[in-house]
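The values are calculated or read from the model by the stated rules, or taken from the named source; none is laboratory data. All figures in this text were calculated on a predicted structure; none of them were measured in a lab. Note that we place each Cβ from the backbone using ideal geometry, even for glycine, and neighbour counts take in every protein chain shown. Ligands, DNA and RNA are excluded from the accessible area calculation, which covers all protein heavy atoms including side chains. Shrake-Rupley method; radii C 1.70, N 1.55, O 1.52, S 1.80 Å.
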Amino acid sequence: FKQLQDSIVDTATPLREELEALKTKFAEVDAERTNAQSALRVLHEQIASLQVELKGTGEQADEAVKGLKEQVESLTTELDAAREAVTLAQQAKEELQAKLSEEAAKATEVSQSQSSLADEAQSLRSRVEE
């Protein structure tokens, strides 16, 4: 019985030592797993923060693009109005040139009539004097 007991103790001692070593190793692995989970949690928080930041940046970019589009539309409207004003000014200029040409023709006609009347008046004076 003593031999059996000694044999069991001899076999159990290395098993206990191995069990203690495994418990220690398990504790180390468990601590590493806990640290890894903590690190992973921090990474998830950082990713969430970056996503919020990116979303905000994207929204700002969208707002900036929207503002630029509105400016382009406004400038296009102003450009169209300026083109219309130029067209109207050109038409008014052409109408004024036509009226000026008419007035110049009338002035020439009046000048010629005055010249003819002056010639007739001179002719009449000459006759009256004779």
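K2 sits with roughly 130 Å² accessible to a 1.4 Å probe, with DNA, RNA and ligands left out of the calculation.
Toward the positive end of the charge dipole of the chain, with +1 on the Cβ of Lys and Arg and -1 on the Cβ of Asp and Glu, the farthest Cα among T87, Q51, T24 is that of T24.
Computed extension gain for E78 through E18, at 0.36 nm per residue and net of the alpha carbon distance, reaches 12.8 nm. For the chain, the longest principal axis of the C-alpha atoms and the axis of helix 2-129 are separated by about 0°. Normalised per residue, the accessible area of the chain is 91 Å², obtained with a 1.4 Å probe and no contribution from ligands, DNA or RNA.
Based on the inverse mean of 1/r over its pairs of different Cα atoms, what is the Kirkwood hydrodynamic radius of the chain, in Å? For the chain, inverting the mean 1/r across all distinct Cα pairs yields 27.0 Å. Taken as Cα centroids, region 35-62 and region 68-102 sit 54 Å apart, rounded to the nearest whole angstrom. Helical runs (DSSP H, four residues minimum) scored at -39500 (n - 2.57) apiece and divided by the length of the chain put the mean residue ellipticity at 222 nm at -38000 deg cm²/dmol.
Dipole size of the chain about its Cα centre, with +1 on Lys/Arg Cβ and -1 on Asp/Glu Cβ: approximately 540 debye, rounded to the nearest 20.
Counting only protein heavy atoms, what percent of the accessible surface of the chain is carbon or sulfur at a 1.4 Å probe? On the chain, the fraction of accessible area on carbon and sulfur atoms equals 58 percent. Taking a straight line from the alpha carbon of K66, these lysines sit under 27 Å away, with near neighbours fewer than eight places off in the same chain left out: K55. Toward the positive end of the charge dipole of the chain, with +1 on the Cβ of Lys and Arg and -1 on the Cβ of Asp and Glu, the farthest Cα among P14, S123, T77 is that of P14. For K69, the aspartates and glutamates whose Cα comes closer than 19 Å to its Cα, not counting residues fewer than 8 places off in the same chain, are E59, E78, D80. If the chain linking K106 and K2 were pulled fully straight, counting 0.36 nm for each residue of separation and taking away their Cα-Cα distance, it would gain 22.3 nm.
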